Amino acid sequence: LNATGISVTALKNNGKAAKKSKDVARFAVSFTITRNVTATTGSRTVYVRLLKPNQQVVGQVGNFQYENRSIGYSAAKSVEYNGQETHVTMYVTVSEFLSAGAYTAYVFADGQMIGSGSMRMSK
């Protein structure tokens, strides 16, 4: 599987875009899983690992196995994949201090990293 068009958006409590790190209530991570005729169809668990500028996981809710080690993730979602292009949006709730800098989202499925995207946050 492949994820394309990965966008990371910081949101305030009211759902509007947040410009400053202190206003962020959650992040929305949106992407499209591309059409793939050879991949098996069915339910897939997709994980988003959102990293802060200091490389810590934002809002870690659990761990999953990747390349023979256990790594933390920020959100997981079960996606029904039918071989066609599938649009997915996942939310990461923020409960910690966020610093200014680059935030990078890594998307995983079937034990593989299928894409990444990032955004910059001002103070």
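The values are calculated or read from the model by the stated rules, or taken from the named source; none is laboratory data. Here the structure is a predicted model, which means the values were calculated and not measured. Cβ atoms come from the backbone with ideal geometry, glycine included; neighbour counts cover every protein chain shown. With ligands, DNA and RNA removed, areas are computed over all heavy atoms of the protein, side chains included. Shrake-Rupley method; radii C 1.70, N 1.55, O 1.52, S 1.80 Å.
Please identify the GluC sites (Glu not before Pro) of the range 23-123 that satisfy two criteria: DSSP loop assignment and at most 13 other Cβ atoms within 10 Å. Which are they?
Values: sites: E67, E80, E85, E96; in loops: E67, E85, E96.
Passing both the DSSP loop test and the Cβ count: E67, E85, E96.
Using the 2.2 N^0.38 Å rule of thumb for compact globular proteins, work out how the chain stacks up: its C-alpha Rg over that value, please. Mind showing how you got there, number by number?
Values: Rg = 14.5 Å, N = 123, 2.2 N^0.38 = 13.7 Å.
That works out to 1.06 for the chain.
Below 8 Å, C-alpha to C-alpha, sequence gap of six or more: please give me the relative contact order for the range 36-108 in percent. All intermediate terms of the calculation are to be shown ahead of the outcome.
Working: 124 pairs, mean separation 31.9, N = 73.
44 percent.
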> Taking only C-alpha pairs under 8 Å that are 6+ residues apart, what is the relative contact order of the chain in percent?
Replying inline: 33
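Quick check: net charge around S74, other residues with Cβ under 14 Å of its Cβ, Lys/Arg +1 and Asp/Glu -1?
Residues near S74 contribute +3 overall.
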> Which whole-number percent is the relative contact order of the range 1-72 (Cα, under 8 Å, 6+ apart)?
Replying inline: 24
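Are there any chymotrypsin sites (Phe, Trp or Tyr not before Pro) in the range 51-103 that are in a DSSP loop and have at most 15 other Cβ atoms within 10 Å? List them by number.
Here the sparse-neighbourhood loop sites are F97.
For the chain, with all protein chains present and a 1.4 Å probe, just round the carbon and sulfur fraction of the accessible area to a whole percent.
Values: 2920 of 6770 Å².
The value for the chain is 43 percent carbon and sulfur by accessible area.
Less than 13 Å Cβ to Cβ from V94, Lys/Arg counted +1 and Asp/Glu -1: what total charge do the surrounding residues give? Walk me through the numbers on the way to the answer.
On the way: positive: K12, K20, K22, R26, K52; negative: D23, E96.
With Lys, Arg at +1 and Asp, Glu at -1, the net is +3.
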> By what distance, in whole Å, do the Cα atoms of the range 34-78 stretch along each of the three principal axes, largest value first?
Replying inline: 38, 22, 16
> Considering only protein heavy atoms, what per residue accessible area in square angstrom results for the range 58-99 with a 1.4 angstrom probe?
Replying inline: 61
> Under 22 Å from the Cα of K16, which lysines turn up, not counting those fewer than eight places away in the same chain?
Replying inline: K52, K123
> Net charge near V29, counting Lys/Arg +1 and Asp/Glu -1 over other residues with Cβ under 13 Å of its Cβ?
Replying inline: +3
